[in-house]
């Protein structure tokens, strides 16, 4: 008999157990019956292969297996100065985009991070301060989005908040203990939109928040 896989009945390196049970009790959709969950990996995040029966429009049941990558939920925020018509973004190295054809992996983004054990508002206040050195009080909730629903479980909470660019100091953010090297960038909103058009800004969450800002947000023309 082999030993239990870490993360099942014995703890993994993060102290987690029961990772093979996620999804087994789902009953919100009568057309879906989960029959098995196989824990494939429990590194920093969790990879599962779930087998379920799905009843199609013709009434017939089909057995399917889908892999899901669970990295937890996250939050992101667009920081904007309405008077100066600027936005505050970050740039840092992202290996996953570097290995998938990005020129240098230095991705321009809105401040963002995982919730960990916090609620979305608490988490995004933390991330904004860590990454941009800006402390935000009044925060506007924009929308919640599943960013890659074919395989990644993450739901991302989108926020926006004003900042005072005249009081901002420094051009570096991030936590050294987490090996973060983050450059803080301030752009005129019109330039930021042009950077979407010319391909300088590739990041989905950033594009979504910038487009929201000019369509319905602080820079919308009513």
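A straight line joining the Cα centroids of the range 120-155 and the range 92-106 runs 22 Å. For the Cα atoms of the chain, what angle does the longest principal axis make with the long axis of helix 120-132, in degrees from 0 to 90, nearest 10? The helix 120-132 is inclined about 50 degrees to the chain. Panel order for 131, 33, by other beta carbons found within 10 Å of each beta carbon, from fewest to most: 33, 131. Computed extension gain for residue 35 through residue 13, at 0.36 nm per residue and net of the alpha carbon distance, reaches 5.2 nm. When the helices of the chain are scored as -39500 (n - 2.57) per DSSP H run of n ≥ 4 and the total is divided over every residue, the value at 222 nm lands at -5000 deg cm²/dmol.
Treating each Cα of the range 120-222 as an identical point scatterer and summing with the Debye formula, the log10 of I(q)/I(0) at q = 0.11, 0.14, 0.21, 0.23 Å⁻¹ comes to -0.39, -0.66, -1.47, -1.57.
Extension gain for residue 25 to residue 95 (0.36 nm times residue separation, less C-alpha to C-alpha distance): 21.6 nm. Packing, taken as the mean count of other beta carbons within 10 Å per residue, orders the peptides 105-115, 160-170 from highest to lowest as 105-115, 160-170. A viscosity of 0.692 mPa s and a temperature of 37 °C, combined with the Kirkwood radius over C-alpha pairs in the Stokes-Einstein formula, give the chain a diffusion coefficient of 166 µm²/s.
To the nearest ten degrees, helix 204-215 and the longest principal axis of the Cα atoms of the chain are 50 degrees apart. Residue order for 159, 93, fewest other beta carbons within 10 angstrom first, comes to 93, 159. By the beta-carbon count within 10 Å of each Cβ, the least crowded to most crowded order of 94, 28, 135, fewest first, is 28, 135, 94. Using a Gaussian network model of the chain in which every pair of alpha carbons under 10 angstrom is joined by a spring, one finds that among 59, 173, 199 the greatest mean-square fluctuation is at 59. Take the Cα radius of gyration of the range 1-70 and divide it by 2.2 N^0.38 Å, N being the number of residues; the result is 1.27.
Read the figures in this text as sums done on the coordinates, not as results from a lab. Bear in mind the structure is a predicted one, so any value in this text is a computation, not a measurement. For neighbour counting, all protein chains shown are included, and Cβ atoms are generated from backbone atoms with ideal geometry for every residue, glycine included.
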